[in-house]
Protein chains: 2
Amino acid sequence: MKSVNNIKELASILNLSISTVSRVLNGKGKSFRISEATSKKVFDTAKEYNYSPNRVARGLKLEKTDTIGLIIPDIANPYFGSIAKTIEVEARKNGYSIILCDSLDDENTEAELLQLLAKRKVDGIIIAPTGKSSNHVTEIQEQGIPVMVIDRYLPDTNLPFVTTDNYLGALLATEHFIALGHRNIACIQGINGVSANNERVKGYRDALQKHRIPVSETMIMGTDFGEENGYLQTRKLLALPEHPTAIFALSNLISLGSIRALKEAGLTIPDDISIISFDEQAWSAFLTCPMTTVEQPREEIGRLAFGALLNIIDKVLPEKTDKIMLQPRLILRESVKKILK
Amino acid sequence: MKSVNNIKELASILNLSISTVSRVLNGKGKSFRISEATSKKVFDTAKEYNYSPNRVARGLKLEKTDTIGLIIPDIANPYFGSIAKTIEVEARKNGYSIILCDSLDDENTEAELLQLLAKRKVDGIIIAPTGKSSNHVTEIQEQGIPVMVIDRYLPDTNLPFVTTDNYLGALLATEHFIALGHRNIACIQGINGVSANNERVKGYRDALQKHRIPVSETMIMGTDFGEENGYLQTRKLLALPEHPTAIFALSNLISLGSIRALKEAGLTIPDDISIISFDEQAWSAFLTCPMTTVEQPREEIGRLAFGALLNIIDKVLPEKTDKIMLQPRLILRESVKKILK
DNA sequence: CTGTTAGCGCCTTCAT
DNA sequence: ATGAAGGCGCTAACAG
């Protein structure tokens, strides 16, 4: 198949100047009053020789790469997977490509990634930040790269974000426990310090206090959003002289780990212990005991985040910083047992 | 924070020529016998002004972008999510970034994506191809972009690939059904024509034939790898005068759909119907009935694929095309019931 | 209506 | 041991 790799060659084949070809190809034929005939010939020949412009060269010249950096703590987690999917599809519709980075929920990695994306001259960044500290991300924004935060937000910054209302989700879940008679409720958290985590913990605390149930600090435990953490913390709970009647697991992976530990100990949900998990998943309804979960609007998070970023890039909303908080939904199933008082 | 955005500025601050600075920064100080003192000053000043080269300009000049295109049929599926994760991490270790594309398992989208990646001058492409037809991918390779196929392979091409031995996986699963007395086994497939799918179907067929069980074509059904397909096909099966005693679901999502239909119909696994699913997942063990699955070595697929691609890019293995097939593992749980003959 | 040319930031050949 | 300058492919300002 004949093919041509730069506009110069194509122009010489066409016996036209480079600029004319460039103009036609960029849809500026009309405004430069280039004849229909010429235009058509350019398009046809470009197609014939399978030519379309080198995006790298274009990026250098225009200082615009049509590229978005996406930093995710764990792309293997289907929660982030579906957010990534929505973002990728939306981006493509708008002519953008995604550079995917997995921060492994590690702050140093994240900081490096941010620098890397800056050097790659992405037009914007969507990030589910890992950390408590936020300097490295505000710095990037100050360098002039639009940043959109998702899933979590960065306290004491003015970065625009789209998240679930994590506080509300946790409040709903905890109050559900309480309504069914639970008083001794453990909370297995993810990374302490991450806003999504801390808002959830806060919702848990406030729900207890609202109902005059003392908060036991030892019942708030855990180190990260992974399965192993859920497993380990649950084992700790079961080793207690009197274990809690309920577990609030702050991520889909944590609850899976909990289930593993429970099963291993020969305990049954909800008869021996009740559980609610943050983050609805395709399998939640089909577990040994169908799980009551807090559903997050994943697609919407992705869609809104990209839309907002695009607006910033296109300067549609000059200075408006979007801070969007989406409603979660408590999906009731069978993993919480009614307890007699 | 002081900062400098191009090598020219940096050079003028340093009172050195651009070339000297470039050389030092690219680690060629020694071979050009640039003095230690000068080198150190260059490094220090670069750090002080937070300078590092513009990757777009570099890419244009060197005709190397340190970028890999990754085309995945569905990044929200955790099977592909974890493959993507491994690839991203491996790539980064080697200085590459990933441009992520979700083909939606659609051939036209895939073809467009391939063209796009070519225009973005990626150094290589890793693709889990959607289709039966393979022209668009071999074309890309002929344009000089190294291509590595994963998860599936493209028949009648010579493209290097890394997959699970899907045939073996299906054989093991089907023989397990047979060993426990099943004769009437349905097979809910994904996309007909995709190698991963067809190899599995072939394994299923061969296992039956090996044991002199007639293959009923109506028992091989289904349209894609999604949850809804599993649901729909299972409903069809249940509407039959006499439904099969076992279902072989060819993906993790299909089996979830099957479970949904079964549950809806008030049927129990494995008492009313047995099931084996392709693709082990974190939740497989914790379903109402712990699921017997065929595990694929996801991390290894990603790691080997990237490694092989890197070898091709670096021309380490001049012409050797890697065709790697990894062993699956049948994980026995409780979703298959022993049937009396 | 079309063409010439500068320059985006970088690396590297050639020159000294 | 260091510098000057061309050119990667593209777009747009300027010039007809």
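Derivation of every value follows stated rules applied to the coordinates shown; laboratory data play no part. Note that the structure is a prediction, hence the values are computed from the model and not measured. Neighbour counts run over all protein chains shown; Cβ positions are idealised from the backbone, glycine included.
Using Cα pairs under 8 angstrom and six or more residues apart, how large is the relative contact order of chain B, in percent?
Working: 626 pairs, mean separation 53.5, N = 341.
With pairs under 8 Å counted, the relative contact order is 16 percent.
Dipole of the protein assembly as shown, Cα-centred, from +1 at each Lys and Arg C-beta and -1 at each Asp and Glu C-beta, to the nearest 20 debye? Working shown, then result.
Working: 82 positive and 82 negative charges, 315 e Å.
The calculated dipole for the protein assembly as shown is roughly 1520 debye.
Taking loop as defined by DSSP and a crowding limit of 14 other beta carbons within 10 Å, which trypsin sites (Lys or Arg not before Pro) in segment A:1-77 fit? Mind showing how you got there, number by number?
Values: sites: A:Lys2, A:Lys8, A:Arg23, A:Lys28, A:Lys30, A:Arg33, A:Lys40, A:Lys41, A:Lys47, A:Arg55, A:Arg58, A:Lys61, A:Lys64; in loops: A:Lys2, A:Lys28, A:Arg33, A:Lys64.
Hits after loop and neighbour filter: A:Lys2, A:Lys28, A:Arg33, A:Lys64.
Assuming 1.567 mPa s and 4 °C, estimate D for the protein assembly as shown with Stokes-Einstein, Rh taken as the Kirkwood radius over Cα pairs, in µm²/s. Mind dumping the intermediate values first?
Working: Rh = 27.6 Å.
Answer from the Stokes-Einstein relation: 47 µm²/s.
Distance from the Cα centre of segment B:107-148 to that of segment A:270-301, in angstrom?
Computed from Cα coordinates, the inter-centre distance equals 38 Å.
For A:Val162, which sequence-distant residues (separation of 5 or more, or a different chain) have an amide H within less than 5 Å of its own amide H, given hydrogens modelled in the peptide plane?
A:Val149, A:Ile150, A:Asp151, A:Ile324
Name the residue from A:Asn135, A:Ile75, A:Pro146 whose Cα lies farthest towards the positive end of the charge dipole of chain A, charges +1 on Cβ of Lys and Arg and -1 on Cβ of Asp and Glu.
Checking the options against the dipole of chain A, the answer is A:Pro146.
Out of the GluC sites (Glu not before Pro) in segment A:1-67, which ones are loop residues according to DSSP with at most 14 other C-beta atoms within 10 Å? Don't skip to the answer; put the middle values down first.
Numbers: sites: A:Glu9, A:Glu36, A:Glu48, A:Glu63; in loops: A:Glu63.
Passing sites in segment A:1-67 are A:Glu63.
Given label points at 7 Å from Cα along Cα→Cβ, what nm distances, shortest first, separate B:Lys236 from the same residue in every other copy?
5.1
Using only Cα atoms, what Kirkwood radius does segment B:7-53 have, in angstroms?
Details: mean 1/r = 0.0978 Å⁻¹.
About 10.2 Å, per the Kirkwood formula over Cα pairs.
Say R0 is 60 Å: what FRET efficiency, to the nearest 0.05, do A:Lys263 and A:Lys64 get from their beta-carbon distance?
Working: r = 53 Å, r/R0 = 0.89.
So the FRET efficiency works out to roughly 0.65.
At a Cα cut-off below 23 Å, give the lysines reachable from A:Lys40, other chains included and same-chain residues fewer than 8 away excluded.
Within the straight-line limit of under 23 Å, A:Lys40 reaches these lysines: A:Lys2, A:Lys8, A:Lys28, A:Lys30, B:Lys119.
List every residue whose amide H lies under 5 Å from the amide H of B:Arg329, counting only residues 5 or more places away in sequence or on a different chain, with H placed 1.01 Å from N in the peptide plane.
B:Glu295
Calculate the length of the line joining the C-alpha centroid of segment A:240-263 to that of segment A:1-78, in whole Å.
56
Treating only the Cβ of Lys, Arg, Asp and Glu as charged (+1, +1, -1, -1), what charge dipole size does segment A:7-53 show about its Cα centre? Round to the nearest 20 debye.
Numbers: 8 positive and 4 negative charges, 47 e Å.
Computed about the Cα centre, the dipole is about 220 debye.
Which value, in debye to the nearest 20, describes the size of the charge dipole of segment B:162-298 about its Cα centre when Lys and Arg Cβ atoms bear +1, Asp and Glu Cβ atoms bear -1, and nothing else is charged? Numbers along the way, then the final one.
Working: 11 positive and 15 negative charges, 52 e Å.
Computed charge dipole of segment B:162-298: roughly 240 debye.
Using a 10 Å cut-off around each Cβ of peptide A:100-110, what is the average number of partner chain Cβ atoms that fall inside?
Averaged over the peptide's residues, the number is 3.
Tilt of helix B:166-179 relative to the longest C-alpha principal axis of chain B, in degrees (0 to 90, nearest 10)?
It works out to around 30 degrees.
Sort shortest first the distances from A:Leu332 to its counterpart in every other copy, using label points 7 Å along the Cα-to-beta-carbon line, and give them in nm.
List, nearest first: 4.3 nm.
Could you list the trypsin sites (Lys or Arg not before Pro) in segment B:202-261 that lie in coil according to DSSP, counting only those with at most 14 other Cβ atoms within 10 Å of their Cβ? Before the final figure, lay out the partial values.
Numbers: sites: B:Lys202, B:Arg205, B:Lys210, B:Arg212, B:Arg235, B:Lys236, B:Arg260; in loops: B:Arg212.
The qualifying sites are B:Arg212.
Sum up the charges of everything whose Cβ sits under 9 Å from the Cβ of A:Ser97, counting Lys and Arg as +1 and Asp and Glu as -1, but leave A:Ser97 out.
Details: positive: A:Arg55, A:Arg92, B:Arg120; negative: A:Asp66, A:Glu88.
Value of the local net charge: +1.
Along Cα-to-Cβ, 7 Å out, sits the label point; list in nm, shortest first, how far the one on B:Lys2 is from those in the other copies.
Nearest to farthest, the other copies are at 5.6 nm.
Through the Karplus equation 6.51 cos²θ - 1.76 cosθ + 1.60, θ set to phi - 60°, convert the phi angles of segment A:137-151 into ³J(HN,Hα) values in whole Hz; use x for Gly and Pro.
With coefficients 6.51, -1.76 and 1.60, one gets 7, 5, 3, 4, 5, 5, 6, x, 9, x, 10, 10, 9, 10, 6 Hz.
Counting only DSSP beta bridges with both residues in the protein assembly as shown, tell me the antiparallel percent, nearest 5. Walk me through the numbers on the way to the answer.
Details: 10 of 74 bridges.
Antiparallel bridges make up about 15 percent of those DSSP assigns within the protein assembly as shown.
State log₁₀ I(q)/I(0) for segment A:1-79 at q = 0.15, 0.19 Å⁻¹ as given by the Debye formula over alpha-carbon point scatterers of equal weight, solvent excluded.
-0.60, -0.82
Among B:Ala111, A:Leu237, B:Thr163, whose Cα lies farthest out toward the positive end of the dipole of the protein assembly as shown, if unit charges sit on the beta carbon of Lys, Arg (+1) and Asp, Glu (-1)?
Farthest along the dipole direction, towards plus: B:Ala111.
From zero up to wherever the largest Cα-Cα distance of segment A:166-296 sits, split into 5 Å bins and tell me the percent of pairs in each.
Once binned at 5 Å, the Cα pair distances of segment A:166-296 give 2, 12, 24, 27, 23, 11, 2, 0.
List, in order, the whole-Hz ³J(HN,Hα) value for each residue of segment B:124-132 obtained from phi through the Karplus relation with A = 6.51, B = -1.76, C = 1.60 and θ = phi - 60°; use x for Gly and Pro.
x, 9, 10, 9, 9, x, 7, x, 7
Which angle between 0 and 90 degrees, to the nearest 10, do you get for helix A:252-264 versus the longest principal axis of chain A when only C-alpha atoms count?
40
With a 10 Å Cβ neighbour count serving as the proxy for reagent exposure, in which order, fewest first, do A:Ser216, A:Ser103, B:Ser258 appear?
Placing the least packed residue first, the sequence is A:Ser216, A:Ser103, B:Ser258.
State the dimensionless ratio Rg/Rh of chain B (Rg: radius of gyration of Cα atoms; Rh: Kirkwood radius). All intermediate terms of the calculation are to be shown ahead of the outcome.
On the way: Rg = 25.9 Å, Rh = 22.6 Å.
For chain B, the value is 1.14.
Hey, what do the phi angles of segment A:187-199 turn into as Karplus ³J(HN,Hα) couplings, whole Hz, using 6.51/-1.76/1.60 and θ = phi - 60°, x for Gly and Pro?
Rounded to whole hertz, the list is 10, 9, 9, x, 7, 5, x, 6, 4, 4, 5, 5, 5.
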